[in-house]
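Chemist: Below is one structure. I have some questions about it.
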Amino acid sequence: MGTPRVGILAVQGDVREHVAILQTLGAQAVLIRRPAEVEPIDGLIIPGGESTVMDKLVRAFDLQEPLRKRIEQGMPVFGSCAGMIMLADRISDGAAGQQTLGGLDITVRRNAFGRQVDSFETELDFAGLARPVHAVFIRAPWVEQVGDDVQVLARVGEGPAAGKIVAVRQGGLLATSFHPEVGTDRRIHAEFVKIVSSQA
Ligand code: GLN
């Protein structure tokens, strides 16, 4: 097959970092801001940012319906941080009226790590990767509950949040509480591009 076309939801959040990484991995990065841009992509990244704002803009730009449709049809999506929230079927303590795109059978808790430690970095064992991942968490969610079809890829190893689920996969849907686009480790993006390529 040709070069996989990976969209990046570009209504709000840290879009540029993902574009740069995708290009180094040989994927074509396409910014998604309009409904017509959703159809031609093979996969999508939903970046970190602020899920309440992202949700409002997704609806204002008429992107909710076409994105939900592609997700239901099986398009691979990688969501990081706010992107994980956008992919979750359920949010605990979301903002009033907050909606998600859904698809991933999980319940997430927004800003779960609390005010004292709302940003931190740690090493995580990650299923399928030989060396630990250096994970950067910024006002991150964690996953409170997963459905039967969801594979847990990583949990916090130590500290007050030890054991909390911070990376999951369900079919072509991949989500991390942390920001793999920060730093130089491209393994998680590489995994995602592999998923997209295998389904494109
Ligand atoms: N706290 C943000 C939210 O609720 C997520 C933070 C992030 O993406 N870095 O959307």
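Chemist: How large is ³J(HN,Hα) for each residue in the stretch 135-141, as worked out from phi by the Karplus curve 6.51 cos²θ - 1.76 cosθ + 1.60 (θ = phi - 60°), to whole Hz, x for Gly and Pro?
Modeler: Values per residue, Gly and Pro as x: 9, 9, 10, 10, 6, 8, x Hz.
Chemist: Using modelled amide H (1.01 Å from N, peptide plane; none on Pro or chain starts), what sits under 5 Å from the amide H of Ile91, excluding residues fewer than 5 places away?
Modeler: Counting only residues 5 or more places away or on other chains, the set is Val108.
Chemist: With a bin width of 10 angstrom, please list the P(r) values of the stretch 104-169 as percents of all Cα-Cα pairs, from the 0 bin to the one holding the largest distance.
Modeler: In whole percents, the pair-distance histogram is 21, 54, 24, 1.
Chemist: Can you sort Met54, Met75, Met84 so the residue with the fewest Cβ neighbours within 10 Å comes first?
Modeler: Ascending Cβ contact count within 10 Å gives the list Met75, Met54, Met84.
Chemist: Counting only residues 5 or more places away or on other chains, whose amide H sits under 5 Å from the amide H of Ala135 once H atoms are built in the peptide plane?
Modeler: For Ala135, the qualifying residues are Thr122, Glu123, Leu124.
Chemist: Then there is this: Helix-only mean residue ellipticity at 222 nm, the chain, DSSP H runs n ≥ 4 weighted -39,500 (n - 2.57), per residue, nearest 500. What is it?
Modeler: Result for the chain, helices only: -7000 deg cm²/dmol.
Chemist: Going by C-beta contacts inside 10 Å, put Ser177, Ser92, Ser197 in order with the fewest on the left.
Modeler: Placing the least packed residue first, the sequence is Ser92, Ser197, Ser177.
Chemist: Report, ordered by chain and residue number, the aspartates and glutamates lying within cross-link reach of Lys69, taken as a straight Cα distance under 14 Å and ignoring same-chain residues fewer than 8 apart.
Modeler: By straight Cα distance, Lys69 reaches Glu37, Glu39, Asp42.
Chemist: Does the chain come out rounded, prolate or oblate by the C-alpha gyration tensor, with a ≥ b ≥ c the root eigenvalues, rounded set by a/c under 1.5 and, if not, prolate when a/b is larger than b/c and oblate if not?
Modeler: Note, shape of the chain comes out oblate.
Chemist: Is the shape of the stretch 27-133 rounded, prolate or oblate, going by the alpha carbon gyration tensor and its root eigenvalues a ≥ b ≥ c, with a/c under 1.5 for rounded and a/b larger than b/c for prolate?
Modeler: Taking the square roots of the gyration eigenvalues as a ≥ b ≥ c, the stretch 27-133 is oblate.
Chemist: Okay, moving on. Less than 13 Å Cβ to Cβ from Glu17, Lys/Arg counted +1 and Asp/Glu -1: what total charge do the surrounding residues give?
Modeler: That works out to -1.
Chemist: With springs only between Cα atoms under 10 Å apart, run a GNM on the chain and tell me which of Arg34, Arg131, Arg59 wobbles the most.
Modeler: Answer for the Gaussian network model of the chain: Arg131.
Chemist: Any idea how far the Cα center of the stretch 126-158 sits from the one of the stretch 28-73, in Å?
Modeler: If we compute the Cα centre of each part, the gap is 23 Å.
Chemist: Quick one: which residues, 5 or more positions from Gln145 or on another chain, have an amide H under 5 Å from its amide H? H modelled 1.01 Å from N in the peptide plane, none for Pro or chain starts.
Modeler: Thr107
Chemist: Further question on the same structure: Give me the percent of DSSP beta bridges within the chain that run antiparallel, rounded to the nearest 5.
Modeler: Antiparallel: roughly 50 percent of the beta bridges in the chain.
Chemist: Moving to a separate point now. Lys/Arg Cβ at +1, Asp/Glu Cβ at -1, dipole of the stretch 1-126 taken about the Cα centre: which of Ala95, Gln64, Ile106 is farthest positive-ward?
Modeler: Going by the charge dipole, the pick is Gln64.
Coordinate-derived values only; no laboratory data. On a predicted model such as this, the values are computed, not experimentally measured, just so you know. Positions of Cβ are generated from backbone atoms using ideal geometry, with glycine treated the same way; all protein chains shown enter the neighbour counts.
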